[in-house]
1. What is the residue count in segment 75-121 for residues that are touching a residue at least 60 places away in the same chain (Cβ under 8 Å), among the hydroxyl-bearing types (Ser, Thr, Tyr) and outside any strand (DSSP E or B)?
2. Evaluate the following for Pro185: is it farther than 30 Å from Arg84 by Cβ and either among the hydroxyl-bearing types (Ser, Thr, Tyr) or surrounded by 18 or more Cβ atoms within 10 Å (Cβ to Cβ) (or both)?
3. Answer yes or no: is there a residue in segment 50-66 that is assigned by TED's automatic domain parsing to the domain that holds Ala169, within 23 Å of Gly218 (Cα to Cα) and small (Gly, Ala, Ser).
4. Taking Glu142 as meeting all but one of (1) among the acidic types (Asp, Glu); (2) without any contact (Cβ under 8 Å) to a residue 60 or more places away in the chain; (3) in the same structural domain as Phe81 (by TED's automatic domain parsing), write down the number of the exception.
5. Spot the failing condition for Gln175; the list is (1) part of a loop (DSSP other than H, G, I, E, B); (2) touching a Leu at 6+ places or on another chain (Cβ under 6 Å); (3) of a type outside the set (A, V, I, L, M, F, W, C), and only one is missed.
6. Count, please, the residues in segment 208-226 that happen to be in a helix (DSSP H, G or I) and in contact (Cβ under 8 Å) with a residue 24 or more places away in the chain.
7. Would you mind telling me which numbered condition in (1) surrounded by fewer than 18 Cβ atoms within 10 Å (Cβ to Cβ); (2) part of a helix (DSSP H, G or I); (3) among the charged types (D, E, K, R) Glu152 fails?
8. Scan segment 24-71 residue by residue and report those that are buried (at least 18 other Cβ atoms within 10 Å of the Cβ) and farther than 25 Å from Lys179 by Cα.
Amino acid sequence: MVKICIDPGHGGADPGAIGPTGLKEKDVNMAVGLKLAELLKPIAEVKLTRTKDIAVSLKDRAAIANSFGCDYFISVHTNSFTDRKVGGVETWAYAPGGNGEKLAKAVQAELVKATGFANRGVKFNSKFAVLRDTKAPAIITENGFISNPDEEKLLKTDAFREKIAKAIAQGVAKQLGKKLPEPKPAQAPAGKLYKVQVGAYKERKNAEAMLAKLKNAGFDGFIKQE
Ligand SMILES: [Zn+2]
């Protein structure tokens with residue numbers, strides 16, 4: 001089975017970037033990384049460089065990846081800039097050519113589609129420690145700007161973090177030529193059910209719009225035709 005190493009950036013005393021309302025990058029990266037690991041498990045053997053809020057040096061992150069012998073390394077980050085108007089997603093690879101760039105392109109395309117954020121493209125940097133010191137093709141995803149109030153607001157929600165993880169997983173699956181399994185529909189518990197309904201619409205697109213609103217607010221829901 002293909003081996004994937006997932007590296008949630010920062011952690012412990014290093015919060016990474018901090019948003020206008022105090023959201024810490026390390027927490028966003030952790031949530032996205034854990035979800036990504038769960039999504040990739042059906043198609044790959046997965047290892048995380050951290051699974052909780054602890055500090056891991058850049059050297060150790062690369063060492064974990066190298067001793068695991070992964071085929072791909074994915075470092076999960078959130079961007080930041082002094083100008084709060086700047087936003088968007090970008091993906092970094094070590095150098096042009098090869099599987100690192102291919103994976104970066106596949107993941108970047110999915111991230112743009114899923115988030116609706118500006119496409120800042122695939123970029124290269126041979127000096128980033130985790131790109132340089134990992135033997136496997138490696139990428140860094142910058143999943144939006146925590147410094148941008150609109151993007152920070154979305155990055156706070158579980159629903160949006162899941163959206164990011166799904167996009168990265170989709171890009172990885174494409175690179176591997178594999179298909180992610182369809183999520184199982186939620187099982188209704190036996191016995192009496194107390195349902196909460198938020199709307200009933202004559203047109204399906206209106207129902208879909210409400211469902212999207214719910215999901216963006218962090219609630220799960222579904223459409224049922226009667
Ligand atoms: Zn970072």
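The values are calculated or read from the model by the stated rules, or taken from the named source; none is laboratory data. Keep in mind the model is a prediction, meaning the values are calculated, not measured. No Cβ is skipped: glycine too gets one built from the backbone with ideal geometry, and neighbour counts run over all protein chains shown.
1. 2
2. Numbers: farther than 30 Å from Arg84 by Cβ: yes; either among the hydroxyl-bearing types (Ser, Thr, Tyr) or surrounded by 18 or more Cβ atoms within 10 Å (Cβ to Cβ) (or both): no.
Considered against the rule, which asks whether it is farther than 30 Å from Arg84 by Cβ and either among the hydroxyl-bearing types (Ser, Thr, Tyr) or surrounded by 18 or more Cβ atoms within 10 Å (Cβ to Cβ) (or both), Pro185 comes out as no.
3. First, the residues of segment 50-66 that are assigned by TED's automatic domain parsing to the domain that holds Ala169: 50-66.
When the remaining residues are screened for being within 23 Å of Gly218 (Cα to Cα), the result is 51-53.
Now restrict to residues that are small (Gly, Ala, Ser): none.
Within segment 50-66, none of the residues are assigned by TED's automatic domain parsing to the domain that holds Ala169, within 23 Å of Gly218 (Cα to Cα) and small (Gly, Ala, Ser).
4. Status for Glu142: all satisfied but (2).
5. Just one mismatch for Gln175, condition (1).
6. Start the filter on segment 208-226 by keeping residues that are in a helix (DSSP H, G or I), which leaves 208-216.
Add one more test, that the residue is in contact (Cβ under 8 Å) with a residue 24 or more places away in the chain, and what stays is 215-216.
Here the count works out to 2.
7. (1)
8. Scanning segment 24-71 gives Lys24, Glu25, Lys26, Asp27, Val28, Arg50, Val56, Arg61, Ala62, Ile64.
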